[in-house]
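Notes for the one structure printed next.
Nothing in this text is a laboratory measurement; each read-out follows from the coordinates by a stated rule. On a predicted model such as this, the values are computed, not experimentally measured, just so you know. Quick reminder, even Gly has a Cβ in these numbers, built from the backbone with ideal geometry, and neighbours come from all protein chains shown.
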Amino acid sequence: MIRFVHNEDVDRRKWDETVLKSQFPTVFATFEILSLAVAPDRWHALVLDDYAAVMPLPTRRKFLFCYAFHPYFVPQLGIFSKIPCTESLVSSFLEHIPDSYVLEEFTLNAGNAFSHNGSRTITYYELPLEGNYEDLAEGFSNNTRRNIKDGEKHGLTLGNGTCNIGEIITLFRNNRGRDSHVGFTDSDYARLATIAHHLSDSGLCETWSVFTRDGRLAAGALFVRDGGRLWFWFSGRDNRLSAGKPMFFLIDRFIRHHANSGLTLDFNGSTNPDVARMYRGFGSAPYSLTALNIYKNLFWKAAAKLNTLPKNKGRRR
């Protein structure tokens, strides 16, 4: 039986056990990280039997109604199950979302096979870091190879661990973050920093950075170790120092470092075609996820289209 469980009644130990034993285990859906990601909002849950399968419902209120949303900086959510997560099981969970939720917008995880007339497919990119660097580099596009060589010609240097979390967030904020389409607020950046520091304290978040010949920070990235997956989670670069293609240089060095690890580098997805092309240029393969936008009535569909509700962003770059 699937039941709705309020946040304060969720069994944290059983919750985390189910998430981490599911087909798509991820630290981002564990109780503590998810709580940090939705704050100051809350999340509730759907639970099958004695935590055989679970589904988080990050919840916001608008005009006395509540709706489910996908929090920033969380790559994938959906159903996490110890049993096979069939399309029928996914449908059952969605049918059990309470009627009080007038809108549901979130991205399912790679272990959830599902299609719905209120869904769309989004593309993520991943690169298994199997074999030595030379073999992995064979999969790089010619453009990617040229951009890496540009960085070497410009005398870029790697500063792994020498740049802190706040500097990387500031780098994004002062450059890409100024784009009106990004829309992150002060509280969003503060929440990102809180999650990143928590992951870093747990030994799961690494800072990587690239400096120019004269010591200026050109690019930086936060990578999260998530079981057998390495998320290219958040990054920024100085637009004034882009001549040497520092992000290509950074990712190349990261791949060199983790070659033969057996881990998978997950670039996430991007709605920016240039960014998606960069991911593909490193030899990554696409995989598809289902993003749900389910509106209970026409009013809420119109409200979402008129941007009166916050947009869902797992991560921007």
Gain in span if fully extended, GLU17 to GLU152, counting 0.36 nm per residue against the direct Cα distance: 44.1 nm
Whether region 1-152 is rounded, prolate or oblate, judged on the alpha carbon gyration tensor where a/c under 1.5 counts as rounded: prolate
Pairs of lysines 8 or more apart, or on different chains, with alpha carbons under 21 Å: count those in the chain, would you? 14
Arranged from highest to lowest average of other beta-carbon atoms within 10 Å per residue, in what order do the peptides 46-59, 178-191 appear? 46-59, 178-191
Binning at 10 angstrom from zero up to the longest distance, how are the C-alpha pair distances of region 130-262 distributed in percent? 12, 40, 35, 13, 0
Given points 7 Å out from each Cα along the Cα-Cβ axis, report the HIS116 to THR185 separation in nanometres with one decimal. 2.6 nm
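Run the numbers for ASP201 and GLU134: contour at 0.36 nm per residue of separation, minus the present Cα-Cα distance, in nm.
20.8 nm
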Whose amide H sits under 5 Å from the amide H of ARG42, counting only residues 5 or more places off or on another chain, with H placed in the peptide plane? THR59
For region 237-296: rounded, prolate or oblate by the Cα gyration tensor [a/c cutoff 1.5]: oblate
Net charge dipole size for region 160-252 [Lys, Arg +1 and Asp, Glu -1 on Cβ; Debye, nearest 20]: 260 debye
Could you work out how much longer the chain between ASN164 and ARG213 gets when fully extended? Use 0.36 nm per residue separation minus the Cα distance between them, nm to one decimal. 15.7 nm
Alpha carbon centroid spacing (whole Å) that separates region 125-196 from region 226-287: 7 Å
